[in-house]
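Colleague: If you scroll down you'll find the structure; I have some questions about it.
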Amino acid sequence: MSAAPAGAADIAAGRAKSVQCATCHGPLGIATLPEAPNLAGQNKIYLIKALLDFKSGDRKNEMMSLMVAMLSDTDIQNLAAFYESLEISVKKP
């Protein structure tokens, strides 16, 4: 699967599908578990590749492999677009 042209993914559909990701990655892409990465603001192309790699087995993580097994290519594009759309702020320490 190649990256879709800008605007092709459905952010609202990605938000709806992200409910199943929220347990580990948080409802707005800020992880609730220390071993789970934050997804908010992450590059869409990177997320698509990571999810496809989990799905194909090229990237190994038992939980992620189970979660992405049920995702279609469209679901993956929509999820990636949703997480990329989330703004993050960085505070000075």
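Colleague: Lysine pairs in the chain with alpha-carbon atoms under 17 Å apart, 8 or more places apart or on different chains: how many are there?
Modeller: 4
Colleague: Using the basic label-point model (7 angstrom from Cα toward the beta carbon), what is the Ile88 to Asp10 distance in nanometres?
Modeller: In this crude spin-label approximation the distance works out to 2.7 nm.
Colleague: Shape verdict for segment 42-93, please, from the Cα gyration tensor: rounded (a/c under 1.5), prolate (a/b greater than b/c) or oblate. Walk me through the numbers on the way to the answer.
Modeller: Numbers: a/c = 2.68, a/b = 1.73, b/c = 1.55.
In terms of gyration-tensor shape, prolate.
Colleague: If you take every residue apart from Asn61 with its C-beta less than 13 Å away from the C-beta of Asn61, what net charge results, scoring Lys and Arg +1 and Asp and Glu -1?
Modeller: -1
Colleague: Hey, rough spin-label estimate for Asp53 and Ser72, points 7 angstrom out along Cα→Cβ, what's it come to in nanometres?
Modeller: 2.6 nm
Colleague: Mind ranking 74-81, 13-20 by how tightly packed they are, going by the mean number of other C-beta atoms within 10 angstrom, highest first?
Modeller: The peptides rank, most packed first, as 74-81, 13-20.
Colleague: With n ≥ 4 as the cut-off for DSSP H runs, can you work out [θ] at 222 nm for the chain, using -39500 (n - 2.57) per run divided by the number of residues, rounded to the nearest 500?
Modeller: That calculation yields -13500 deg cm²/dmol at 222 nm.
Colleague: Next up: What per residue convex hull volume, in Å³, do the alpha-carbon atoms of segment 11-85 yield?
Modeller: 76 Å³
Colleague: Give the calculated FRET efficiency between Ala22 and Asn43 to the nearest 0.05, with a Förster radius of 25 Å applied to their Cβ-Cβ distance.
Modeller: Details: r = 20 Å, r/R0 = 0.81.
Here the calculated transfer efficiency is 0.80.
Colleague: Of the options Phe82, Val68, Thr32, report the single residue whose Cα projects farthest towards the positive end of the charge dipole of the chain (beta-carbon charges: Lys, Arg +1; Asp, Glu -1).
Modeller: Thr32
Colleague: What is the sum of charges, Lys and Arg at +1 and Asp and Glu at -1, for the other residues whose Cβ falls under 13 Å from the Cβ of Pro27?
Modeller: Values: positive: Arg15, Lys17; negative: none.
Spelling it out: positives minus negatives among the neighbours equals +2.
No value in this document is a laboratory result; all are computed from the given coordinates. Just so it is clear, the structure is predicted and the values come from calculations on it, not from any experiment. Backbone-built Cβ (ideal geometry, glycine too); neighbour counts: all protein chains shown.
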